[in-house]
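Asks: Pasting a structure here, questions to come.
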Amino acid sequence: MKRRSFMKTAIVASATGAAITSGLISSNAVFAASHEKDFTKAKSLDEAMKLMGVTDVAESEMIKIKAPEIAENGAVVPVGITSEIEGTTEIVALISNNPTPYAAKYTIGAKAKAAVKSRFKMAKTTDVVAIVKANDKFYTAKSNIKVTKGGCGG
Amino acid sequence: MAKSTIKLRTKDKDGSIQVKALITHPMDTGLRRKKNGDKIPAHYITEVMIEANGESIMMANWTGSISKNPFISLNYAGAKGDKVKLSWKDNMDKSDSLEKTVK
């Protein structure tokens, strides 16, 4: 199984490499394809933001993070993120003190409201940072959550 | 086939449809260890697609930082009779989907 998946990745990698050199795929498409592996590798908040290409972010009060102040169980922390900024297309949730801060990305369709709710794991007391992309600009908001019992094992 | 891993609820709330879903999944981060010290391999959902009448409503890219048996909820502008479909895919190439008509 491992060998098979390795072969697959190798083939895909070489194919994309060839495509770039021949200029078939724009760098943007490559970025999108490799998004997940790169992002989950980021070990710190800054690193994750850098990988995402987020350079200048404006703090916005129009993003609301609904989360408990104190979470007793870090394995299940309900977090709701709502953006009232018009033209919101993406919501990214980052959990700054987790081993891999990049937690989730939501791509919002035309009909959907820019509001999502999920349950996250948090290793320890941390900031939850929401990054909202609207009209090619980035906005951010954060909320601190105290975790009394970690949820990422270890 | 075994029971679906997805529980999907849809509700009409004055022109906006609320979608709530629960997925049964271990969502292992790859950092946890078994009692004998062996690492539990990472196994988590990477992609969740929610569609209504074939049109994409929301796509979520998840990582191991999402809790076990994840829950997702969202609202969209729709009407009764819409066919809402949720499908997921994980890092071990497993997947599942479920379709439901909004009542």
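Each value in this text was obtained by applying a stated rule to the coordinates, not by laboratory testing. Since we're looking at a predicted model, the values are computed, not measured. FYI the Cβ positions are ideal-geometry reconstructions off the backbone, even for glycines, and counts take in every protein chain you see.
Asks: Other chains near A:93-101: what is the mean number of their Cβ atoms within 10 Å of each residue's Cβ?
Replies: 3
Asks: Separation between the A:Lys64 and A:Lys43 pseudo-spin-labels, each 7 Å from Cα along Cα→Cβ, expressed in nm?
Replies: Between A:Lys64 and A:Lys43, the simple spin-label model gives 3.8 nm.
Asks: Here is a follow-up. Give the aspartates and glutamates whose C-alpha is closer than 15 Å to that of A:Lys124, dropping any in the same chain fewer than 8 places away, or say none.
Replies: Candidates past the 8-residue exclusion: A:Glu69, A:Glu72.
Asks: What's the average, rounded to a whole number, of partner chain beta-carbon atoms within 10 Å of each residue's beta-carbon in B:46-55?
Replies: Taking all residues of B:46-55 together, the mean is 2.
Asks: Would you mind putting B:76-82, B:30-36 in packing order, based on average other-beta-carbon counts within 10 Å, highest first?
Replies: B:76-82, B:30-36
Asks: Treating cross-link reach as a plain straight distance, find the aspartates and glutamates whose alpha-carbon is under 19 Å from the alpha-carbon of A:Lys111, omitting any fewer than eight places away in the same chain.
Replies: Within the straight-line cut-off, A:Lys111 pairs with A:Glu84, A:Glu86, A:Glu90, A:Asp136, B:Asp12, B:Asp14, B:Glu51, B:Glu55, B:Asp82, B:Glu99.
Asks: Turning to a different aspect of this structure: At a Cα cut-off below 12 Å, give the aspartates and glutamates reachable from B:Lys94, other chains included and same-chain residues fewer than 8 away excluded.
Replies: Output for B:Lys94: B:Glu47.
Asks: Quote the relative contact order of chain B in percent (integer), defining contacts as alpha-carbon pairs under 8 Å separated by 6+ residues. Intermediate results must be reported in sequence, preceding the final value.
Replies: Details: 233 pairs, mean separation 31.7, N = 103.
Worked out over chain B, it gives 31 percent.
Asks: Still on this structure: Could you list, in their original order, any pairs among B:Lys11/B:Lys100; B:Lys13/B:Lys103; A:Lys43/B:Lys35 whose Cα atoms are separated by more than 18 Å?
Replies: A:Lys43/B:Lys35
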